[in-house]
Structure formats: C-alpha cells, structure tokens
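The values are calculated or read from the model by the stated rules, or taken from the named source; none is laboratory data. This is a predicted model, so every value here is computed, not measured. Cβ atoms come from the backbone with ideal geometry, glycine included; neighbour counts cover every protein chain shown.
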Amino acid sequence: MWAKTLQTIVATVLVLATTTGWTYDQELAASYERLFEPVAGAKAGKALHLIKPEQFVEDLKRGKQFVTIDIRTLAEAEIFTMLLPGSLVIPVNELFRPENLDRLPRDTPIVVVCKSGTRATAAGTGLRHIGFNNVYILKGGFKALNMYLDAKTANLPPKPEKPKGK
Amino acid sequence: MNKSLARMYEQFFAAFEEQKVQEALHLLPPEKVIEVIKKREDVVLLDVRTRQEQSIIGLTYRDSLSLPMNEVFRPENLAKIPTDKKLIVTCQSGVRCTVIAVSLREIGFENVYAMKGGLAALMAYLEPKTAF
C-alpha cells in the first residue's frame, strides 16, 4: 500500500518536473484503461454491461431477479418509474453518497435506468469503476423499454433460452 | 346493425373536422399533461395497459389509477373513475388509451382525455428540464 503510494508520488513528481506542470491522475487513468479494455469490437456494448430491453424483459419473464435503479430526478420519477419489487429511485446526484451505495445489493444484478440510457451509462460505468461488478445499464432507457414492452411482449411466455456460446 | 348506436357515433364524429381532430378526440400532448400536473390541477391518470406491462414500468403520479383495458367497463371499476376532476388515460403508445377515452365519453364521462402518443410520447418529453 505505502510502496504503491510512494511509487505514485514519485511518478507524479517526475511527470510534474518534466512537463509544464499539468498532469493527469495516472493511477486513475490506469484504472479506466483496465475498465475499458474489453470494450472493443462487436462486443463493445456487452462489455459496457448494456442490457437490451428484450433481454431484460425475457430474463424477468424467466424469473430472474434484478434490482433496478431509476436515477432520474425525483420530479421525473414522480410521474412514472420501474415498479418491479425492490426497485430503487436514487437520483444520480445522490447515487454515490455512502448511505446510498450501502443500499445497493452485491448479490443481485443491478440495472440502472434513465430516460434514454445516457445518464445511466455514465452512472452505471461509475458504479462498476468503484467495484460494483454486478451493474448493468438498460440500453435506450425507459424510452426503449416502453417501445419494446407491449401487451404481446409482456404477456407471451418467455422464449426458449439460447444455448450458451451462441 | 344497431342504428341508434350508429347515430350516436355519427354525432360524436361529426365534430372531427380538419384542424379540430385533436380537440374533438380530447387528445392531450405530453407537454399539456405535465403542465396540468405542475400546476397541481386536480387530475387523475389512468393506465390501461395489461398488468404484466404495468408490473415493470408504471405510474407513480400521486393520483393515478391502474385498470387494464378489458376491465375498465366493469361497473365496480367505472365507480372508481372520478366525475369531479379531469381524467387522463394513458397506455404504451396512445392507441388503447384513445379508444378507452372515447368510449368513456360515449357512455357519459365528459372530462376524459387521452395522452397523445401515450407513455412513449411522455417518455420522449419528460426530462430534468421539463419535469421540474
């Protein structure tokens, strides 16, 4: 721990000494590099932990448990939100407070939801960055989920699961 | 054919002239719905989607009703519909709620409106800026 901190300080001082004075946080940069390393090619979305509405609804119909977090402002969430059992409403500007992070489950997949998926992608990636590996982001947000979720898709039995690896 | 019902529809749709369709159909676009809510007007929202749909995404507005379309016209459910305030019916995309709103008006509920474009339009409109 101390050796690592010392190493960082030395590296930072060296960088400071050899440049115009500005530097970025190299340790944090390295953690982002690791976080985004798998986000490449056709699997980029999956590596970002995006879940499509269809997958989400099919999983729900198969009985899979999720805890959703609606991270929109309270004014937005006071009109409509996710109604699944255990679903949370925590505005993004309060999400990272310790007492709110304590409310997030570690053993159940978390799905972060917003209007169109943009805020959720930022917030969800932040949660994964600090160690919540079980966090997914609803791609396209409420708009896309509602587009997919109709009388038919909500009420038909779940589709047979594809074999793994396909 | 039921001629008296046909006459009723004839009268109802007679108002559907060009430029007046939205008004005649009692369609409220999302911005109007949010405006009414923000003004704290006494308004009830009714979601007529199936239970399964509502179990995933649903209304949280303080004064809202949930009645799947096929159950709305049961006497015990009609009894839940307010007659002293505005009712705005919603659904996924604005189709089912328009049908229900028109039908409720046909049987005598006057202060009934449909959310134009349903939740899809509401979701496209509602954001931090417009919600606050």
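Taking residues in segment A:15-28 that are modelled with pLDDT under 75, and partners anywhere that are surrounded by 12 or more Cβ atoms within 10 Å (Cβ to Cβ), the pairs with Cβ atoms closer than 6 Å and at least 6 places apart or on different chains are A:V15/A:T23; A:L16/A:T23. B:P128 - would you say it is within 25 Å of A:A120 (Cα to Cα) and in contact with a helix residue (DSSP H, G or I) (Cβ under 8 Å, 6 or more places away or on another chain)? It is true that B:P128 is within 25 Å of A:A120 (Cα to Cα) and in contact with a helix residue (DSSP H, G or I) (Cβ under 8 Å, 6 or more places away or on another chain).
Looking for whichever is more than 30 Å from A:E33 (Cβ to Cβ), β-branched (V, I, T) and buried (at least 19 other Cβ atoms within 10 Å of the Cβ) here; the options are A:I110, A:I79, A:I71, A:I90. Which one fits?
Working: A:I110 fails: more than 30 Å from A:E33 (Cβ to Cβ); A:I71 fails: more than 30 Å from A:E33 (Cβ to Cβ); A:I90 fails: more than 30 Å from A:E33 (Cβ to Cβ).
After ruling out the rest, the residue left standing is A:I79.
Within segment A:100-117, restricting attention to residues that are of a type in the set (D, E, K, R) and touching a residue at least 24 places away in the same chain (Cβ under 8 Å), the residue that is farthest from A:N133 (Cα to Cα) is A:K115.
Within segment B:48-76, the set of residues being assigned to a helix (DSSP H, G or I) and either under 15 Å from B:R96 (Cβ atoms) or within 14 Å of another protein chain (Cβ to nearest Cβ) (or both) comprises B:R51, B:Q52, B:E53, B:Q54, B:S55, B:I56, B:M69, B:N70, B:E71. Cβ-Cβ distances below 6 Å connect the following pairs, each with a first residue in segment A:44-60 that is closer than 14 Å to A:L156 by Cα, a second residue that is aromatic (F, W, Y) and surrounded by 15 or more Cβ atoms within 10 Å (Cβ to Cβ), and a separation of six or more residues or different chains: A:E54/A:Y148.
Could you tell me whether segment A:84-100 includes any residue that is among the small types (G, A, S), within 14 Å of the chain's Cα centre (by Cα), within 11 Å of chain B (Cβ to nearest Cβ) and closer than 27 Å to B:C91 by Cα? So that I can check it myself, show each step before the final result.
Going through segment A:84-100, the residues among the small types (G, A, S) turn out to be A:86-87.
With within 14 Å of the chain's Cα centre (by Cα) added as a condition, the list becomes none.
No: segment A:84-100 contains no residue that is among the small types (G, A, S), within 14 Å of the chain's Cα centre (by Cα), within 11 Å of chain B (Cβ to nearest Cβ) and closer than 27 Å to B:C91 by Cα.
Among the residues of segment A:147-157, none qualifies, meaning not one is under 19 Å from the mean Cα position of the chain (by Cα) and either aliphatic (A, V, I, L, M) or at pLDDT 95 or above (or both). Can you pull out the residues in segment B:91-132 that are closer than 12 Å to B:P30 by Cβ, without any contact (Cβ under 8 Å) to a residue 24 or more places away in the chain and not in a helix (DSSP H, G or I)? Listed by number, the list holds a single entry, B:E127.
For residues in segment B:1-58 being acidic (D, E) and in contact (Cβ under 8 Å) with a residue 40 or more places away in the chain, which is surrounded by the most Cβ atoms within 10 Å (Cβ to Cβ)? Lay out the reasoning, then the answer.
Initial filter on segment B:1-58 (acidic (D, E)): B:10, B:17-18, B:23, B:31, B:35, B:41-42, B:47, B:53.
If we keep only those that are in contact (Cβ under 8 Å) with a residue 40 or more places away in the chain as well, we get B:31, B:41-42, B:47.
On the way: B:E31: 14, B:E41: 10, B:D42: 10, B:D47: 27.
Restricting to residues being acidic (D, E) and in contact (Cβ under 8 Å) with a residue 40 or more places away in the chain, the top hit is B:D47.
Mind checking whether some residue in segment B:19-36 is farther than 30 Å from A:Q65 by Cβ, of a type in the set (S, T, N, Q), over 15 Å from the mean Cα position of the chain (by Cα) and not in a helix (DSSP H, G or I)? Spell out the reasoning first.
Our first condition is that a residue be farther than 30 Å from A:Q65 by Cβ; within segment B:19-36, this holds for B:19-36.
Okay, now just the ones that are also of a type in the set (S, T, N, Q), so B:19, B:22.
Restricting the remaining residues to those that are over 15 Å from the mean Cα position of the chain (by Cα) gives B:19.
After this cut, where a residue has to be not in a helix (DSSP H, G or I) as well, the list is B:19.
Yes, because at least one residue in segment B:19-36 is farther than 30 Å from A:Q65 by Cβ, of a type in the set (S, T, N, Q), over 15 Å from the mean Cα position of the chain (by Cα) and not in a helix (DSSP H, G or I).
Select from segment A:38-47 the residues that are in a helix (DSSP H, G or I) and not small (G, A, S) and list them in ascending order. So that I can check it myself, show each step before the final result.
Going residue by residue through segment A:38-47, those that are in a helix (DSSP H, G or I) are A:41-47.
Residues satisfying the conditions are A:K43, A:K46.
Within segment B:83-101, if we keep just the residues that are within 12 Å of chain A (Cβ to nearest Cβ) and of a type in the set (V, I, T), the residue that is surrounded by the most Cβ atoms within 10 Å (Cβ to Cβ) turns out to be B:T90.
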